[in-house]
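Accompanying notes for the structure given below.
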Amino acid sequence: MLKQFYRMCGLIILVGLALCCRYPSPEPGGGGGDTTTPTKPDTVIIDTIPPKNPDSLLARTARFDTLQIFNDAQLSLSQGIYTSAANYRGQMLELGYQYIAPSNDTMKYRPFVLMVHEGAFLFGDSGNEMGKARWLAKRGYAAASINYRLGFNGGSETFACGGSSTDALRAVYRAVQDTYAAIHYFVDRAEEFGIDTRQIMLAGSSAGAITVSALVYMNEADFEALQPGITKALGRLDPKAEDSPFRVRALLTQLGYGLFNINYINASNAMPTVFFQRIGDNVLPYYGGTLLSCPTYPGMVGAKPASDQLRKFQVPFELNYENQVGHQLSYPENYIAGRYAQFMKRFWSLNRRQITNDAYKTVENTLLR
């Protein structure tokens with residue numbers, strides 16, 4: 001009996017030690033590097049709950065803020081194929097990416113920004129985002145821009161409103177599927193690319209902003225409610241949901257914003273977000289309207305209601321608006337990338353704020369307690 005008691009005590013101690021070691025604390029290495037291996041969660045986690053320690057080093061280092069600590073010659077650019085999938089015509093396409101990060105880096109695992117381009121789900125390519133990706137890499141981030149399946153029946157680059165609501169919504173669904181596939185591709189190769197799977201940011205422009213927001217805030221049931229049968233027609237939204245876990249820390253959006261229902265954002269999933277949008281946006285609504293401003297397409301809300309929802313739930317955001325008409329913005333790419341970087345640096349430093357900028361003038365700056 002006494003031997004059984006000692007054995008049980010020993011087992012309890014061993015289990016306790018294993019649990020304590022599950023999430024290693026990042027420690028600064030030579031040159032400010034992080035040489036610990038990021039531990040993946042047991043399941044897919046898309047939330048704002050920080051893991052045990054990984055923000056601490058990111059807050060202390062000179063990286064990831066305003067300083068451009070790398071120059072163009074110190075960056076490494078690569079490209080490849082992350083998946084293949086059938087487009088709306090049933091044709092198989094290879095979908096590629098461009099990846100950029102500091103080369104010969106002392107930090108083994110870098111925060112990773114996955115970028116999704118604009119183009120009304122009809123045109124554009126990964127090159128559209130590489131300017132901002134390069135500016136982020138100069139600040140120490142790893143970044144990638146992806147191609148995704150484009151096109152839908154009736155839609156064209158010159159007239160996006162020629163399709164049906166069904167066709168347009170399916171284009172969004174396919175873009176979300178492809179973005180999931182890209183995330184899993186990079187997460188499964190985190191060692192090769194040197195990315196921290198606990199520190200993934202999703203960045204999107206226009207249609208890309210709709211895509212990354214739908215990925216974070218919508219599931220198959222939400223898409224089914226908008227269009228019954230879409231999952232049967234197009235397959236699972238995230239086929240690898242159980243196999244390749246990751247954590248999204250923030251949304252970084254520009255050239256408008258769009259979400260099909262403001263109530264998708266709730267207290268448990270509200271995501272720190274950067275917005276860049278014109279009040280008079282004539283493609284995506286700043287307040288409320290429809291997808292691509294097409295009268296027969298599903299309704300959407302824009303940056304203002306979304307930021308108000310984050311305000312209600314005491315979640316950090318930065319809303320940058322221009323009081324002008326039109327979809328295109330006048331901010332330089334370096335400025336946008338800089339605002340993205342500063343937002344994340346504040347977040348990691350526990351300097352959680354809700355900021356509103358009228359163009360370059362700050363009109364709200366509230367510290368969250």
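All of the numbers you see were taken from the coordinates with simple rules; none came from a lab. None of these values were measured; they are calculated from a predicted model. Neighbour counts run over all protein chains shown; Cβ positions are idealised from the backbone, glycine included.
Taking the range 110-160, which residues are of a type in the set (Phe, Trp, Tyr) and under 16 Å from the mean Cα position of the chain (by Cα)?
So in the range 110-160, the residues of a type in the set (Phe, Trp, Tyr) come out as 112, 121, 123, 135, 141, 148, 152, 159.
Matches in the range 110-160: PHE112, TYR141, TYR148.
What number goes with the only condition from (1) crowded, with 23+ Cβ neighbours inside 10 Å; (2) touching a helix residue (DSSP H, G or I) at 6+ places or on another chain (Cβ under 6 Å) that ASP281 does not pass?
Only one criterion in (1) crowded, with 23+ Cβ neighbours inside 10 Å; (2) touching a helix residue (DSSP H, G or I) at 6+ places or on another chain (Cβ under 6 Å) is unmet by ASP281, namely (2).
Just to verify a result, which residue in the range 161-187, among those that are within 16 Å of PRO295 (Cα to Cα) and surrounded by fewer than 24 Cβ atoms within 10 Å (Cβ to Cβ), is nearest to the chain's Cα centre (by Cα)? I'd like the intermediate steps shown before the answer.
The initial filter retains those residues of the range 161-187 that are within 16 Å of PRO295 (Cα to Cα), namely 161-169.
Filter once more, keeping what is surrounded by fewer than 24 Cβ atoms within 10 Å (Cβ to Cβ): 161-162, 164-167, 169.
Details: CYS161: 27, GLY162: 29, SER164: 28, SER165: 25, THR166: 25, ASP167: 24, LEU169: 20 Å.
Residue satisfying both the conditions and the ranking: LEU169.
For the range 130-174, give me the residue count where each residue is assigned to a helix (DSSP H, G or I) and of a type in the set (Gly, Ala, Ser).
8
For the structure I just gave you, tell me whether GLY204 is closer than 30 Å to PRO228 by Cβ and of a type outside the set (Asp, Glu).
Working: closer than 30 Å to PRO228 by Cβ: yes; of a type outside the set (Asp, Glu): yes.
Spelling it out, GLY204 is indeed closer than 30 Å to PRO228 by Cβ and of a type outside the set (Asp, Glu).
Among residues belonging to the range 88-100 that are under 17 Å from the mean Cα position of the chain (by Cα) and in contact (Cβ under 8 Å) with a residue 60 or more places away in the chain, point out the one that is nearest to CYS161 (Cα to Cα). I'd like the intermediate steps shown before the answer.
In the first step, residues of the range 88-100 are kept if they are under 17 Å from the mean Cα position of the chain (by Cα); the result is 97-100.
Pick out the ones that are also in contact (Cβ under 8 Å) with a residue 60 or more places away in the chain and you get 97, 99.
Details: TYR97: 28, TYR99: 33 Å.
Of everything passing the filter in the range 88-100, TYR97 is nearest to CYS161 (Cα to Cα).
Quick check on my filter: what residues within the range 81-129 are surrounded by fewer than 17 Cβ atoms within 10 Å (Cβ to Cβ) and assigned to a loop (DSSP other than H, G, I, E, B)?
Correct list: ASN87, ARG89, GLY90, GLN91, SER103, ASN104, THR106, ASP125.
So for the range 226-237 (the condition being over 11 Å from the mean Cα position of the chain (by Cα) and on the phi > 0 side of the Ramachandran plot), does at least one residue qualify? Give the steps one after another, and end with the answer.
Applying the first criterion (over 11 Å from the mean Cα position of the chain (by Cα)) to the range 226-237 yields 226-237.
Still in the running and on the phi > 0 side of the Ramachandran plot: 229, 235.
Yes; the residues of the range 226-237 include at least one that is over 11 Å from the mean Cα position of the chain (by Cα) and on the phi > 0 side of the Ramachandran plot.
Within the range 314-339, can you find the residues that are loosely packed, with under 13 Cβ neighbours inside 10 Å and farther than 23 Å from LEU292 by Cα?
Scanning the range 314-339 gives a single hit, PRO332.
Output the residues belonging to the range 222-271 that are touching a residue at least 40 places away in the same chain (Cβ under 8 Å), out of contact with any Gly (no Cβ under 7 Å at 6 or more places or on another chain) and polar (S, T, N, Q).
GLN227, SER244, GLN254, ASN261, ASN266, SER268, ASN269
Just checking, does the range 295-313 include any residue being hydrophobic (A, V, I, L, M, F, W, C), part of a loop (DSSP other than H, G, I, E, B), under 23 Å from ASP222 (Cα atoms) and touching a residue at least 12 places away in the same chain (Cβ under 8 Å)?
Residues of the range 295-313 that are hydrophobic (A, V, I, L, M, F, W, C), as a first pass: 300-301, 303, 306, 310, 313.
If we keep only those that are part of a loop (DSSP other than H, G, I, E, B) too, we end up with 313.
Now narrow it down to the ones that are under 23 Å from ASP222 (Cα atoms): 313.
Applying the additional criterion that residues be touching a residue at least 12 places away in the same chain (Cβ under 8 Å) yields 313.
Looking for residues that are hydrophobic (A, V, I, L, M, F, W, C), part of a loop (DSSP other than H, G, I, E, B), under 23 Å from ASP222 (Cα atoms) and touching a residue at least 12 places away in the same chain (Cβ under 8 Å), one finds at least one in the range 295-313, hence yes.
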